[in-house]
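The values are calculated or read from the model by the stated rules, or taken from the named source; none is laboratory data. Being a predicted model, the structure only gives us computed values, none of them experimental. No Cβ is skipped: glycine too gets one built from the backbone with ideal geometry, and neighbour counts run over all protein chains shown. Side chains are part of the model used for accessible areas, which takes the heavy atoms of the whole protein and leaves out ligands, DNA and RNA. Shrake-Rupley method; radii C 1.70, N 1.55, O 1.52, S 1.80 Å.
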Amino acid sequence: MYYPFSWFKHLSRLAGFILLAVLIGLWVDHLATTLAIATLILLLSNYWQIYRLNRWLWHSKRMTPPKTKGLWEHIYEGIYYLQRRNRNKRKELGALLRRFREGSEALPDAAVVVDANAAIVWCNRLARIELGLRWPDDAGRRIDNLLRHPQFIEFFHSGDFDHPIEIPSPSGSQKIFEYRMMPYGDKHVLLIARDVTRLTQLEQMRKDFVANVSHELRTPLTVLNGYLELMPTADDMPPAFREKAFNEMGEQARRMQSLVEQLLILSRIEASAERVYEKVVDVPTVLATIASEANSLNKEKQHTLTYDIDESLRVYGIETELRSAFSNLLFNAIHYTPAPGNIHIIWRQEKGCAYFAVEDDGEGIAEKHLNRLTERFYRVDKARSRKTGGSGLGLAIVKHVLNHHNSALEIQSQVGEGSRFSFRFAPDLTVKSVARKAEKS
Ligand code: ADP
């Protein structure tokens with residue numbers, strides 16, 4: 001219980017004590033001795049209180065002060081009050097620190113705090129995982145002894161932290177990290193490392209893509225320009241040359257048109273927000289249309305095309321996209337199989353999934369190419385693909401379509417024996433209609 005301090009009360013108590021001692025001294029006729037004894041009692045009682053205070057401060061686990069009265073009670077209460085205030089402050093600071101640490105742990109980036117001597121003060125969980133730091137073992141160790149990439153060391157010691165740097169992950173993985181340094185407070189530096197692998201890959205892809213498209217367009221444009229430059233001067237152009245020139249120019253113009261169309265299809269599929277689960281696609285009917293297009297494409301080569309189609313099997317999906325995937329695979333087989341070949345088209349149900357495959361007995365593809373076939377503009381044989389009017393985008397389109405339908409293209413191929421391009425739709429996209437089967441039979 002807190003009482004306001006009163007000098008008057010304490011001094012009157014002291015005066016009362018001294019007066020009592022004087023009275024006793026006068027009464028026993030030994031004033032000096034009595035006063036000396038009273039002073040000794042006063043001194044001893046104060047020593048006793050100092051001893052209790054010392055024991056409470058240093059040896060007692062109790063927070064509450066020992067019980068006493070008078071001036072000492074006030075001193076104990078004061079100390080107790082200060083202790084409580086400090087304890088609350090400590091608690092608040094602890095909670096603040098905990099919240100800061102929790103917030104930093106939730107950061108999507110690796111964060112490390114280093115002091116003026118480059119020693120690690122603290123690091124978050126991602127810094128341990130991505131930068132390979134150990135906590136608390138690495139606390140106090142120099143950061144430039146642990147992150148040894150020369151570019152990082154140069155950046156760290158340059159003191160110029162205006163621009164971030166990008167360097168490979170120190171853990172030896174394929175990741176690329178962007179390092180940013182932010183000096184703050186008492187010569188401390190906050191290091192933030194962000195995984196930018198995807199961004200760098202996208203940037204590289206964008207550069208490759210622009211380079212590839214320009215390259216693809218340059219060849220037909222060069223041919224067209226060449227003929228156009230010849231035209232005005234060639235008044236007496238032989239009819240055979242004229243015909244060749246027009247044929248060639250037409251072919252190159254068609255090539256550019258097909259390239260642009262394929263690019264548009266690809267970008268439409270990439271940007272498509274259409275939902276796969278909304279409409280059922282009548283795949284057998286789509287395949288029937290593609291089959292008649294395939295027949296006209298096959299006029300020259302006269303391959304034998306055989307179909308194994310389950311007429312009752314349909315899927316949820318986006319018709320235009322699926323049509324593009326089916327036709328790319330079938331037309332590729334017709335283009336790349338030497339005449340006369342055998343091409344087999346399958347659309348059936350397997351283990352609850354809808355399964356599509358195009359098999360041919362063409363020349364096959366060497367294994368080293370298989371993983372790269374779905375990359376944009378990748379061709380096994382550039383000259384041959386150009387001859388067939390190929391843009392190198394067909395399988396990239398198929399890959400994107402299948403991705404959109406939660407599926408993936410499987411390519412099996414043996415050089416000299418042929419290839420099989422196949423994919424399957426998950427059971428929840430597959431629709432088996434009994435009525436349709438009955439109606440057809
Ligand atoms: P393109 O437009 O050049 O045909 P694609 O992306 O459709 O491009 O195909 C990529 C490459 O894969 C082709 O250039 C070709 O070399 C190879 N390819 C595709 N299908 C077949 C197949 N059925 N048989 C052999 N090679 C094929």
### Task
Please enumerate the residues belonging to the stretch 195-252 that are touching a Ser or Thr at 6+ places or on another chain (Cβ under 9 Å) and open to solvent by 50 Å² or more (accessible area, probe 1.4 Å).
Asp195
### Query
Taking the stretch 168-183, which residues are open to solvent by 60 Å² or more (accessible area, probe 1.4 Å) and at pLDDT 90 or above?
Arg180, Met182, Pro183
### Summary
Residue count, the stretch 122-134, condition surrounded by fewer than 18 Cβ atoms within 10 Å (Cβ to Cβ) and either more than 20 Å from the chain's Cα centre (by Cα) or assigned to a loop (DSSP other than H, G, I, E, B) (or both), comes to 2
### Summary
Residues of the stretch 135-147 being exposed (fewer than 13 other Cβ atoms within 10 Å of the Cβ) and under 20 Å from Arg101 (Cβ atoms), in sequence order, are Pro136, Asp137, Gly140
### Query
How many residues does the stretch 345-392 hold that are part of a loop (DSSP other than H, G, I, E, B) and modelled with pLDDT of 85 or more?
19
## Note on the structure
Filtering the stretch 391-415 for residues that are within 13 Å of the ligand (Cβ to nearest atom) and among the hydroxyl-bearing types (Ser, Thr, Tyr) leaves a count of 2
### Message
Being closer than 24 Å to Lys382 by Cα and among the hydroxyl-bearing types (Ser, Thr, Tyr) is the requirement here; does Ser292 meet it?
### Response
no
### Only one of Asn332, Asn371 that is near the ligand (Cβ under 10 Å from one of its atoms) and either under 19 Å from Val283 (Cβ atoms) or open to solvent by 50 Å² or more (accessible area, probe 1.4 Å) (or both)
Asn332
